[in-house]
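Beneath this line is the structure, given in structure tokens, with notes to follow.
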Amino acid sequence: MPTFHQQYYDTLVYFHNSLRQQLKQCLLTLPSATQPPAVKTVCRNTLQFCDHLQRHHDVEEEVVFPSFAAVTDISHWSHSHESLHKTLGKVRKLARKGLDDEGRDFAQKQELIEELQTLSDIVLPHLSDEEYLSHPSESIKLWPTEQAMRHAFPWM
């Protein structure tokens, strides 16, 4: 197995695992955040997660998706990204509201939890699908040589 295929996969999984952990942390801590400082912290962490997820997916859309789209059908990724962007906007708006309210009387907390769960339902399968296609046993079918894959991902 060419080393570059494995390096690409390992890098992708590293970033995806970080996103998974951040999302999981937000979903775990938000329901039990009842005091204003805790609510503010969770809302701040949620916004930070949203920024990380947005940057990750912006890079994918600009750099990664074109490489995959040149060799296989990934149209379903675009659809999940559209849903992701819409839900991400809702999550950001609600988390900002929690910060603006100084964490007091955060009436939209349950709505934020629900939107984070919706985001999770979109993001987690999407990450897994990307990882499946990027696994060396699959990516070698798309780029049979290390040179071909390096050409597709010159930024790596």
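Values computed for the structure shown
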| item | result |
| --- | --- |
| Contacts under 6 angstrom Cβ, first residue in the stretch 136-150 being in contact (Cβ under 8 Å) with a residue 40 or more places away in the chain, partner exposed (fewer than 15 other Cβ atoms within 10 Å of the Cβ) and of a type in the set (A, V, I, L, M, F, W, C), 6 or more apart | P136/M1; L142/V71 |
| Where a residue in the stretch 113-129 is farther than 18 Å from L30 by Cα and without any contact (Cβ under 8 Å) to a residue 60 or more places away in the chain and its partner, wherever it lies, is in a helix (DSSP H, G or I) and among the hydrophobic types (A, V, I, L, M, F, W, C), with Cβ under 8 Å and at least six apart | I122/L84; H126/W77; H126/L84; D129/W77 |
| Some residue of the stretch 43-57 being aliphatic (A, V, I, L, M), under 20 Å from L12 (Cβ atoms) and in a helix (DSSP H, G or I) | yes |
| Some residue of the stretch 88-102 being in contact with a Cys (Cβ under 6 Å, 6 or more places away or on another chain), among the basic types (K, R) and at pLDDT 90 or above | yes |
| Residue satisfying condition, being free of Cβ contacts under 8 Å to residues at least 60 places away in the same chain and either part of a helix (DSSP H, G or I) or surrounded by fewer than 17 Cβ atoms within 10 Å (Cβ to Cβ) (or both), within set E62, E102 | E62 |
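The values are calculated or read from the model by the stated rules, or taken from the named source; none is laboratory data. Treat the numbers as computed from the prediction; the structure is a model and nothing was measured. Counting neighbours? That spans all protein chains shown, and the Cβs are built from the backbone with ideal geometry, glycine included.
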